[in-house]
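**Q** Pasting in a structure now, in structure tokens, and then I'll have a few things to ask.
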Amino acid sequence: MRNALALLLFGALAASPVHAHEDAAKPVHTKDVIKFAGVQQNCVQTGKVKFGAGSEIKDCSVTRGRWVVTLDFIDQYQAQYCLGKVDGKCTQRAFTLFGNRAYTPNTEVLLQRVDPGSTVYGDPVVMETKYGDMMTIPVRTADGKETITYYRWSPGQKKGHWVAVESRAWLRDLAKQLPKGELIKAATVWPDVDSMSAQAKIYRAGGAEAGDKMAKVELGVSRNRFTLKKVTLTQ
């Protein structure tokens, strides 16, 4: 029975769009020289963001541009793009995180992702934790799923960068600690970085709720992945 429940949980994990970080914003390595002035107001062609002459997408507009955080003297700004429009709707969406060292003219791309036009990005939130500075980016995907991607700031000797933090594997360890005949819906459970914890409603096999039973989880971070530290089952 326990193995059957684990398979149910793993099936939910496989459906989660950030299980392998294929949809997460990724570091961009480019030799492009990008002027910092105007990056919050004007689209920049870099990485996977392409538009204009010679591209299938002819136009781009910035839908949101703002400062996010300053780390190691690097001011970081998000820019969200609407790429192309058909009947008033974006063909694609793009999220780019720029980094600019104070009082210098150029900027670089720290993270970037491109998604279908119905994708909605939330504002990045950066929090200081005992595991270092961590950032979350909430995303509602084209199919309506709510996801969160996680990153840890790695200072580095010359310059810092964001490292993706795997956020789903700890659920396998949680599955092993649940009573027989009970499971959680993994796609609805996400770590809370501020408290380094998570809460999961418990269900019976077949999908019925197990009353008010919850799993309260204390989490840690090791080797750029969330890890299970303690589980408390409550009624």
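**Q** What percentage of all Cα-Cα pairs in the stretch 119-226 are separated by more than 17 Å?
**A** 59 percent
**Q** Next question. Set Lys and Arg Cβ to +1 and Asp and Glu Cβ to -1, take the dipole of the stretch 75-162 about its Cα centre, and tell me which of Gly156, Val126, Tyr103 lies farthest positive.
**A** Going by the Cα projections, it comes out as Gly156.
**Q** Looking at the stretch 99-131, which trypsin sites (Lys or Arg not before Pro) are in a loop (DSSP not H, G, I, E or B) and have at most 12 other Cβ atoms within 10 Å?
**A** Lys130
**Q** Let me ask another. Through the Karplus equation 6.51 cos²θ - 1.76 cosθ + 1.60, θ set to phi - 60°, convert the phi angles of the stretch 127-140 into ³J(HN,Hα) values in whole Hz; use x for Gly and Pro.
**A** Running phi through 6.51 cos²θ - 1.76 cosθ + 1.60 with θ = phi - 60° gives 10, 8, 10, 5, 9, x, 6, 10, 10, 10, 10, x, 9, 9 Hz.
**Q** Right, next: Under the rule of at least 5 residues apart or a separate chain, name every residue whose amide H is placed under 5 Å from the amide H of Val165.
**A** Tyr150, Tyr151, Arg152
**Q** Have a look at Glu56, Glu182, Glu128 and tell me which one the Gaussian network model of the chain (Cα, springs below 10 Å) gives the largest fluctuation.
**A** Glu56
**Q** Counting only heavy atoms of protein chains, what accessible area per residue, in Å², does the stretch 39-178 have with a probe of 1.4 Å?
**A** Per-residue value: 50 Å².
**Q** Hey, another quick one. Anyone know which of Thr91, Thr188, Thr104 comes out most mobile in the 10 Å Cα GNM of the chain?
**A** Thr104
**Q** Relative to the first principal axis of the alpha-carbon coordinates of the chain, what is the inclination of helix 2-15, with its axis defined by its Cα atoms, in degrees from 0 to 90 and to the nearest 10?
**A** 20 degrees
**Q** Can you list residues from other chains, or at least 5 along the same chain, whose modelled amide H is less than 5 Å from the amide H of Met196?
**A** Here the answer is none, since no amide H 5 or more places off falls under 5 Å of that of Met196.
**Q** Over the stretch 69-212, what percent of the accessible surface lies on carbon and sulfur atoms, probe 1.4 Å?
**A** The value for the stretch 69-212 is 49 percent carbon and sulfur by accessible area.
**Q** Where does the longest stretch of the chain lie that holds no chymotrypsin sites (Phe, Trp or Tyr not before Pro) found in a DSSP loop with 15 or fewer other Cβ atoms within 10 Å?
**A** The reported range is 104-235.
**Q** Among (i) 37, 22, 13; (ii) 66, 18, 10; (iii) 40, 22, 17, which is the computed semi-axes √(5λ) of the Cα gyration tensor in Å?
**A** Matching the structure shown: (i).
**Q** Then there is this: What ³J(HN,Hα) values, in whole Hz, does the Karplus curve 6.51 cos²θ - 1.76 cosθ + 1.60 give for the stretch 39-46 when θ = phi - 60°, with x put for Gly and Pro?
**A** 5, 8, 10, 10, 5, 10, 7, 7
**Q** Taking the chain as a Gaussian network, where each spring joins two C-alpha atoms under 10 Å apart, which residue of Lys213, Lys159, Lys85 fluctuates the most?
**A** Most flexible of the set in this elastic network: Lys159.
**Q** Next question, about the same structure. Dipole of the chain, Cα-centred, from +1 at each Lys and Arg C-beta and -1 at each Asp and Glu C-beta, to the nearest 20 debye?
**A** Computed charge dipole of the chain: roughly 460 debye.
**Q** Turning to a different aspect of this structure: Looking at the chain, what % of its DSSP beta bridges pair antiparallel, to the nearest 5?
**A** 100 percent
The values are calculated or read from the model by the stated rules, or taken from the named source; none is laboratory data. Note that this is a predicted model, so its numbers are computed, not measured. Don't worry about glycine lacking a Cβ; one is built from the backbone with ideal geometry, like all the others, and counts go over all protein chains shown. Just so you know, the surface numbers come from the protein's heavy atoms only, side chains and all, with ligands and any DNA or RNA stripped out. Shrake-Rupley method; radii C 1.70, N 1.55, O 1.52, S 1.80 Å.
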